[in-house]
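Trainee: Take a look at the following structure, please.
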Amino acid sequence: DAGVIQSPRHEVTEMGQEVTLRCKPISGHNSLFWYRQTMMRGLELLIYFNNNVPIDDSGMPEDRFSAKMPNASFSTLKIQPSEPRDSAVYFCASRRPQETQYFGPGTRLLVL
Amino acid sequence: DAKTTQPTSMDCAEGRAANLPCNHSTISGNEYVYWYRQIHSQGPQYIIHGLKNNETNEMASLIITEDRKSSTLILPHATLRDTAVYYCIVRPNFGNEKLTFGTGTRLTIIP
């Protein structure tokens, strides 16, 4: 099993640009989670999906952030426009029902 | 989800048992205790979870007190690769999908 796959692993962009982070969950997992980790705020849940449907997006910081899951094997987290305070490591995780979450390696985002 | 309290940091000598405590005095009857760890620059990794009985797997043992208000994660023979931040989380095993990560314990294994 390849595990959760995230791309890109590193992203450097300029303020105001659009950023798209991608995640491929583990095959057979029906829940997908997006987290953000910063030194100041630690690891925070942004949004999660069950069976491709967004269930709870209360952690999404503001309207500049959006997430989609068009099918069971792919999800995106988009930031438009990006700001320097969005700099963080973004993790994707997936799980089967009643099982534990498996995390991807993360995307390190730096917004200049 | 119940709140957890962990020491900020701990050291342990290589080869010794590392005992990481966690207080969860407001835990409710349907909440499990989960442990994750995060090695530098990697995503969090599941270690173990339990409800009220002690649990053991290939990575660690989990000891939960009888009143369930605290627990201890035990790494029986710590290696340098066990240096990481360890998170104790309590949550229902179903229904609530969220894992709420606190600040965790930064465990450093000393050669």
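Trainee: Any residue at all in the stretch A:44-63 that is farther than 20 Å from B:Lys98 by Cα and at pLDDT below 95?
Mentor: yes
Trainee: Just name the residue that is nearest to A:His29 (Cα to Cα) out of those in the stretch A:3-15 that are exposed (fewer than 13 other Cβ atoms within 10 Å of the Cβ) and within 14 Å of chain B (Cβ to nearest Cβ).
Mentor: Among those residues, the one meeting the criterion is A:Arg9.
Trainee: Please go through the stretch B:64-89 and pick out each residue that is over 22 Å from B:Thr100 (Cβ atoms) and either of a type in the set (A, V, I, L, M) or in contact (Cβ under 8 Å) with a residue 40 or more places away in the chain (or both).
Mentor: B:Ile74, B:Leu75, B:Pro76, B:His77, B:Ala78, B:Thr79, B:Leu80, B:Arg81, B:Asp82, B:Thr83
Trainee: Looking at the stretch A:42-69, I want the residues that are over 14 Å from A:Ala88 (Cβ atoms) and away from chain B (no Cβ under 11 Å) and have a partner that is hydroxyl-bearing (Ser, Thr, Tyr) and crowded, with 20+ Cβ neighbours inside 10 Å with Cβ atoms under 8 Å, at least 6 apart or on another chain. Which pairs are those?
Mentor: A:Pro54/A:Tyr48; A:Ala67/A:Ser75; A:Lys68/A:Ser75; A:Met69/A:Ser75
Trainee: Does B:Arg91 qualify as being closer than 24 Å to B:Ile110 by Cα and charged (D, E, K, R)?
Mentor: No.
Trainee: Given the conditions (1) touching a residue at least 24 places away in the same chain (Cβ under 8 Å); (2) in a strand (DSSP E or B); (3) more than 20 Å from B:Tyr87 (Cβ to Cβ), and given that A:Ser82 satisfies all but one, which numbered condition is not satisfied?
Mentor: Condition not satisfied by A:Ser82: (2).
Trainee: Something else about it: So B:Lys52 passes all but one of these: (1) closer than 19 Å to A:Pro105 by Cα; (2) touching a Lys or Arg at 6+ places or on another chain (Cβ under 7 Å). Which condition number does it fail?
Mentor: (1)
Trainee: Mind checking which strands (runs of 3 or more DSSP E) fall wholly inside chain B and carry at least 3 residues that are surrounded by 16 or more Cβ atoms within 10 Å (Cβ to Cβ) and within 14 Å of chain A (Cβ to nearest Cβ)?
Mentor: The qualifying strands (runs of 3 or more DSSP E) are B:31-38, B:45-50, B:84-92.
Trainee: What is the residue count in the stretch A:85-112 for residues that are surrounded by fewer than 15 Cβ atoms within 10 Å (Cβ to Cβ), touching a residue at least 60 places away in the same chain (Cβ under 8 Å), away from chain B (no Cβ under 11 Å) and more than 20 Å from B:Ile47 (Cβ to Cβ)?
Mentor: Selection size over the stretch A:85-112: 2.
Trainee: Show the residue pairs that are 6+ apart or on different chains and have beta-carbon atoms under 6 Å apart, the first residue being within the stretch A:7-36 and closer than 16 Å to A:Ala88 by Cα, the second being of a type in the set (A, V, I, L, M) and assigned to a loop (DSSP other than H, G, I, E, B).
Mentor: A:Glu14/A:Leu112
Trainee: Same structure, new question: Name the strands (runs of 3 or more DSSP E) wholly inside the stretch A:19-78 in which the number of residues that are buried (at least 18 other Cβ atoms within 10 Å of the Cβ) and not aromatic (Phe, Trp, Tyr) is 3 or more.
Mentor: Output list reads A:19-24, A:31-38, A:42-50.
The values are calculated or read from the model by the stated rules, or taken from the named source; none is laboratory data. Since the model is a prediction, treat every value here as computed from it, not as a measurement. Glycine gets a Cβ as well: all are built from the backbone with ideal geometry, and neighbour counts include every protein chain shown.
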